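Worksheet: the structure to be examined is printed underneath.
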Amino acid sequence: TRQARDGIAHWFAWHRRSELPESAALLERAAADIGTDTTPERACAWFTALRARADTAVRQALPAAARVVVTLRPEQLEQLARKHADVAEQARTDYLQADPAERTAAARKRAIDNAERVYGRLDAAQREMVAATVAASPFDPERWLAERLRRQRDLQQTLAGLAGASPAVAEAALGAVWQRVQRAPDEGYVRYAQTLERYNCEAAARLHNATNAEQRTVARQRLRDWQSDLRLLAAAR
């Protein structure tokens, strides 16, 4: 427990000092861009930038995580497996409703909620655009869940083989798990994920270009508010 708490505390101190300013700078650039139309390529560039920040954060956590995972006991790994099962069941509830109409309605609501979190209230035409985008999306929730389950098994199996290993061996093994999260071993899934990302980039650009001046003003202010929050947190000691 002490080792885990120390590792978490050090990671958050690093994140506050190093990563929050980077994220605030991203929000600053986004606020500057939000007032003009965009392109799918520009939307994809933002997705790439966010993934880079996540990659940096995970890799920073690996050394401390490695020191802990080599000490895990079988009953703790069993607890992790139970937690993974709960997470998977919740994903089924949220994304794989038995009724196709309910599944579509839930996907539409998620998409509208995400858009309104940035732009504020969407009008009727914009909501119809989102509904059409969701209906035409290549997103396959069953395939997505299968990949999540693969990642869970990958982590569980990796951890089970690390009992008593050196931290260096554990860090390399955890890094390999993270690489397989970023790019699945199944090349078919990689192609599917690339197709989905291109579609989402096009959809994000299309919706943004359909927003009005008032919605873009709301978006700019929200981005600046989030930026301000991050800078305040980064300055906290």
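The values are calculated or read from the model by the stated rules, or taken from the named source; none is laboratory data. Everything numeric in this text was worked out from a predicted model, so none of it was measured. Because the Cβ atoms are built from the backbone with ideal geometry, glycine has one as well, and the counts that use them run over all protein chains shown. Quick note on the areas: whole protein, heavy atoms, side chains included, nothing else; ligands and nucleic acids left out. Shrake-Rupley method; radii C 1.70, N 1.55, O 1.52, S 1.80 Å.
Residues that are under 21 Å from A25 (Cβ atoms) and basic (K, R) within segment 185-237 comprise R216, R220, R222, R224, R231, R237, listed in sequence order.
Here the helices (runs of 4 or more DSSP H) wholly within segment 131-220 that include at least 3 residues being within 18 Å of D113 (Cα to Cα), of a type outside the set (F, W, Y) and over 16 Å from the mean Cα position of the chain (by Cα) are 187-209.
Just one of the listed residues (A125, A165, A146) is open to solvent by 70 Å² or more (accessible area, probe 1.4 Å), out of contact with any helix residue (DSSP H, G or I) (no Cβ under 6 Å at 6 or more places or on another chain), among the small types (G, A, S) and on the phi < 0 side of the Ramachandran plot, and it is A125.
Would you call R108 touching a residue at least 12 places away in the same chain (Cβ under 8 Å) and surrounded by 16 or more Cβ atoms within 10 Å (Cβ to Cβ)? So R108 fits the description; yes. Across segment 178-200, the number of residues qualifying as acidic (D, E) and either in contact (Cβ under 8 Å) with a residue 24 or more places away in the chain or closer than 17 Å to R148 by Cβ (or both) comes to 2. What residue, of R92, R117, is open to solvent by 80 Å² or more (accessible area, probe 1.4 Å), of a type outside the set (A, V, I, L, M), under 30 Å from Q221 (Cα atoms) and in a helix (DSSP H, G or I)? Being open to solvent by 80 Å² or more (accessible area, probe 1.4 Å), of a type outside the set (A, V, I, L, M), under 30 Å from Q221 (Cα atoms) and in a helix (DSSP H, G or I) holds for just one of R92, R117, which is R117. Scanning segment 72-86 for residues that are under 12 Å from R148 (Cα atoms) and open to solvent by less than 50 Å² (accessible area, probe 1.4 Å) yields a total of 1.
Of all residues in segment 1-42, those satisfying the criterion of being assigned to a helix (DSSP H, G or I), aliphatic (A, V, I, L, M) and in contact (Cβ under 8 Å) with a residue 40 or more places away in the chain are A4, I8, L20, A24, L27, A30, A31.
Residues in segment 120-130 that are touching a residue at least 40 places away in the same chain (Cβ under 8 Å) and assigned to a helix (DSSP H, G or I): A125, Q126, M129, V130. Scanning segment 17-45 for residues that are open to solvent by 70 Å² or more (accessible area, probe 1.4 Å), of a type outside the set (V, I, T) and over 19 Å from the mean Cα position of the chain (by Cα) yields R17, E28, R29, A32, D37, E41.
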